[in-house]
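This report refers to the structure that appears directly beneath it.
Just so it is clear, none of the values below were taken in a lab; they were calculated from the coordinates. Keep in mind it's a predicted model, so treat the numbers as computed, not measured. Here the Cβ positions follow ideal geometry from the backbone for every residue, glycine too, while neighbour counts run over all protein chains shown.
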Amino acid sequence: MWPFGRRKKAEDREQKRDHKTAFREATRALEDGRTDEAIEALAEVVREDSENFAARVNLGTAYYSSGEYVAAVRQFEAARELKADAPKVLLNLAAAKSALDQLDEAIDLLLQVLEIDPQMRDVHYNLAIAYWRKGRMPEAMAELEMELALHPDHEGAKSAAEQIRAQTGIGDPDA
């Protein structure tokens, strides 16, 4: 056997270790709120390994956290190409689309998530907010009620439901 083949395999293993280390450090930066550092490191991981699903998701999350919604959409869409039915990716993509006022697309994505995992936390809430922003109050309230039935501790859903009740009277037990 040629010695060159062994060296190549060793280099590949070393490179994979480097990617894993870089990914872990970038994820730690993201968790600590150091989004610029996370973006830089995760972008490098993605450049070197474009099929790294977790790096794409985390890079999208970092972009979203920094308000770079178009870049977030690109990363979530790339992650979606790698795993089409990953509910977390669809939820995050919907959030980024919503931030860009692409509400119809966000609603479609959230409905897809519900088909995959109807009890996933925040799906009904995000769908409610999208409906609310589109002026579809009865649907918004129904989704908030579903979120609260599944996750009674969801403070955002409680607050949104109170605001819709105050604005419209929908869902008001005294009405």
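Give the separation of the Cα centroids, the range 42-68 to the range 72-99, in Å.
11
Given 0.36 nm per residue, what is the gain on full extension from Arg47 to Asp153 after removing their alpha carbon distance, in nm? Present the calculation step by step, with values, prior to reporting the outcome.
On the way: separation 106, 0.36 × 106 = 38.16 nm, distance 3.99 nm.
Length difference between fully extended and current span is 34.2 nm.
For Leu93, what is the net charge nearby, where nearby means another residue's Cβ is under 13 Å from its Cβ and Lys, Arg count +1, Asp, Glu -1? Don't jump to the answer; show the numbers that get you there.
Numbers: positive: Arg56, Arg74, Arg80, Lys83, Lys88, Lys97; negative: Glu77, Glu81, Asp85, Glu105, Asp108.
Taking every other residue near Leu93 into account, the sum is +1.
Once R0 is set to 41 Å, what does the formula 1/(1 + (r/R0)^6) return for the Cβ-Cβ distance between Glu25 and Leu111, expressed as a FRET efficiency to the nearest 0.05?
Details: r = 37 Å, r/R0 = 0.89.
With R0 = 41 Å, the Cβ-Cβ based efficiency is 0.65.
Within the chain, what is the number of lysine pairs with alpha carbons under 20 Å apart, leaving out pairs fewer than eight places apart on the same chain?
On the way: Lys8/Lys16; Lys8/Lys20; Lys9/Lys20; Lys20/Lys83; Lys83/Lys97; Lys88/Lys97; Lys97/Lys134; Lys134/Lys158.
Close lysine pairs found across the chain: 8.
Taking the Cα atoms of the chain, report the difference between the largest and smallest coordinate on each principal axis, in whole Å and largest first.
Largest first, the chain extends 82, 31, 27 Å along its Cα principal axes.
If you build a Gaussian network model of the chain, linking Cα atoms that sit under 10 Å apart, which residue out of Pro138, Pro152, Pro118 swings the most?
Pro152
When the helix-only estimate is applied to the chain (DSSP H runs of n ≥ 4, each -39,500 (n - 2.57), divided by the residue count), what is the mean residue ellipticity at 222 nm, nearest 500 deg cm²/dmol?
After summing the helix terms and dividing by the residues of the chain, the value is -25500 deg cm²/dmol.
Once the piece of chain linking Leu82 and Val70 is laid out straight, how much longer is it, given 0.36 nm per residue of separation minus the C-alpha distance between them? The partial results should precede the final answer.
Values: separation 12, 0.36 × 12 = 4.32 nm, distance 1.88 nm.
Additional length available on full extension: 2.4 nm.
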